[in-house]
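What follows draws every value from the coordinates through simple rules; no lab data is involved. Note that the structure is predicted; figures quoted are calculated from it, not measured. Neighbour counts are summed over all protein chains in view; Cβ atoms, including those assigned to glycine, are modelled from backbone coordinates with ideal geometry.
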Amino acid sequence: MATSRGQFGSRIGFILAAAGSAVGLGNIWGFPTQAASNGGAAFVLVYLVLAFLLAYPVLMAELLLGRHAHGNTVIALTRISDRPLTKAIGAATGLTGIIVASLILSFYAIVAGWMLGFTVAYPLSSLGFGSSSTWLTAFTVPRNLTLMTCFMVMTMGIIMGGVHNGIERWSTRLMPALVVTLVALALYVFTLDGAVEGLKVYLLPDFSKVFSGDLILAALGSAFFSLSLGVGTMLIYGSYLSDDEYLPSIGAQVALIDIGLAVLAGFLILPSMYVAAERGVEIFDASGALLSEDTLIFSVLPALFTSLGSIGVIVATAFFGLMSMAALTSSISMLEVPVAFLVERFQWSRQRAATIAGTIIGLISAVVIFNFESLFGLVIALTTRYGQPLLGLMLCVYAGWVWNRNSLLQELKKNNPAAEKTWFWRLWPFYVRIVCPAIIAIIFARSLL
């Protein structure tokens, strides 16, 4: 069944695609500023621990459910259910995940469009096309609609290529380019005055905050959301995996790459902020806290790039190109969630499903753009603060409580006959049944407060 649906052609192709799904804009701009505001290296250490206590087990739940079903989220959750009630709830959960993933992409495409605009604006400005550059960076409805549409067309084009020729091919191109760009930018920033101060903020731990409730809860949220968990993106990617792959190890590699890139982004973002401060750019708000992520990306860093003179054009283009690549690797996984459902439920061609799903999501984005002040923050809150944790909780319930334990073990035994003797089998079922739901419930309760 997996082959007829499409399948990743190699382990490295899957790892880069899954890591690309997880490595999004939040990893690059959100994680470093959260770390700086919550004890620096103390936050990083707590995050690393919680990532493997929470994020990895939930990631494995999605991968195992997807590979077992070789189908979309609705198929996966109903196939492991043996009672009408759990089948109905599973189908409703799967459909909700599809809706939430689509809504996340609707606002994500708007922000990603801004990244594309800034990427092109700097070279245009240097070539003398100042008015075009200004249009690309000014917050207007026509600009937002145009750039969002361009980004959605790019995402749809990749999805139309299929699993191997679309998702895998572009992930294996974009992810190495992303890493090289991130490292090169960080190394350049290290040479500028003020970078060392940013490194100190990032690397020197404030252990007085290690047991702070705010730090632990912030790290919990970062660990959960950093791997794009809850909406079925990893479940869908897992459904395209060969039965020959040993999931516990491949899942660990995905988690390590995602976490590693989030930490690596800190070596770029925090030094850049303090380099900007060295050059007279304000990086703190009235309360003394670091400025929020959107202000950082669209105000602080552009001011820094301008202060660098001619080299600033190259650095700015590379930085916003980096952000665009991170956005694209995430968006293709989000669009794949509804596309996989449409292909399997209605037997549509991939091209038709991608066109219809992408167009509908683009229209939702347009509605948000025309009602930006009232809808943008609302859609983000409904999906990431409420929808994602609740869906993650349901996935844990189905993987830990609904899925027959023997059937789960047989899934692991496909490529490891001694699976029941491994540490993964001894620990993971307990974590996904008890620990992960409890932690996700805490995250959700915090979001309500």
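Miscellaneous remarks
- Label sites at Asn404 and Gln347, each approximated as a point 7 angstrom past Cα along Cα to Cβ, lie 2.9 nm apart.
- For the chain, built as a Gaussian network whose Cα springs stay under 10 Å, the top-fluctuating residue of Asn144, Asn72, Asn165: Asn165
- Applying 1/(1 + (r/R0)^6) with R0 = 35 Å to the Cβ-Cβ distance of Ile311 and Gln253 gives a FRET efficiency near 0.45.
- Fully extending the segment from Asn416 to Ala303, taken as 0.36 nm per residue of separation minus the present Cα-Cα distance, adds 35.3 nm.
- Spin-label model distance (nm) - Leu448 vs Asp206, 7 Å beyond Cα toward Cβ: 3.0 nm
- The distance between label points at Glu197 and Ile360 comes to 5.1 nm (points 7 Å beyond Cα on the Cα→Cβ vector).
- Here r is the Cβ-Cβ distance between Val49 and Tyr246 and R0 is 22 Å; the resulting FRET efficiency, rounded to 0.05, is 0.35.
- Global form of segment 109-203, assessed from the alpha-carbon gyration tensor, a/c cut-off 1.5: oblate
- HN-Hα J in Hz across segment 97-106 - Karplus 6.51, -1.76, 1.60, θ = phi - 60°, x for Gly and Pro: x, 5, 5, 5, 4, 5, 5, 4, 5, 5
- The dipole here belongs to the chain: it is taken about the Cα centre, uses +1 on the Cβ of Lys and Arg and -1 on the Cβ of Asp and Glu, and is about 1220 debye.
- Positive dipole terminus of segment 2-448, leading residue within Leu204, Trp29, Ala419 (C-beta point charges): Ala419
- Taking a sphere under 14 Å around the Cβ of Trp403 and counting the other residues whose Cβ falls inside, with K and R at +1 and D and E at -1, yields a net charge of +3.
- Every helix of 4 or more DSSP H residues in the chain counts as -39500 (n - 2.57), and over all residues that averages to -23500 deg cm²/dmol at 222 nm.
- Phi-based couplings in Hz for segment 139-148 (Karplus 6.51, -1.76, 1.60; Gly and Pro marked x): 7, 9, 4, x, 5, 4, 5, 5, 5, 4
- The packing ranking of peptides 112-122, 334-344, highest mean first, is 334-344, 112-122, where packing means the average number of other beta carbon atoms within 10 angstrom of each residue.
- (i) -0.77, -1.46; (ii) -0.69, -1.36; (iii) -0.77, -1.27, with the label sought being that of the calculated log10 I(q)/I(0) by the Debye sum over Cα atoms at q = 0.10, 0.14 Å⁻¹: (ii)
- Value of relative contact order over segment 230-307, rounded to a whole percent, pairs C-alpha under 8 Å and six or more apart: 23 percent
- Karplus (6.51, -1.76, 1.60) ³J(HN,Hα), θ = phi - 60°, over segment 191-201, in Hz, Gly and Pro reported as x: 7, 9, 5, x, 5, 4, 4, x, 5, 5, 4
- Segment 348-409 shape via C-alpha gyration tensor axes, a/c threshold 1.5: oblate
- Centre separation in Å (Cα based) which lies between segment 417-449 and segment 298-332: 38 Å
- FRET efficiency, Ala289 to Ala381 (Cβ-Cβ, R0 22 Å, nearest 0.05): 0.60
- Overall form of segment 157-202 per C-alpha gyration tensor (a/c, 1.5; a/b vs b/c): prolate
- Just so you know, the averaged projected area of the alpha carbon convex hull for segment 309-400 sits at 9.4 nm².
- Of His68, His164, the sequence from fewest to most neighbouring Cβ atoms within 10 angstrom is His164, His68.
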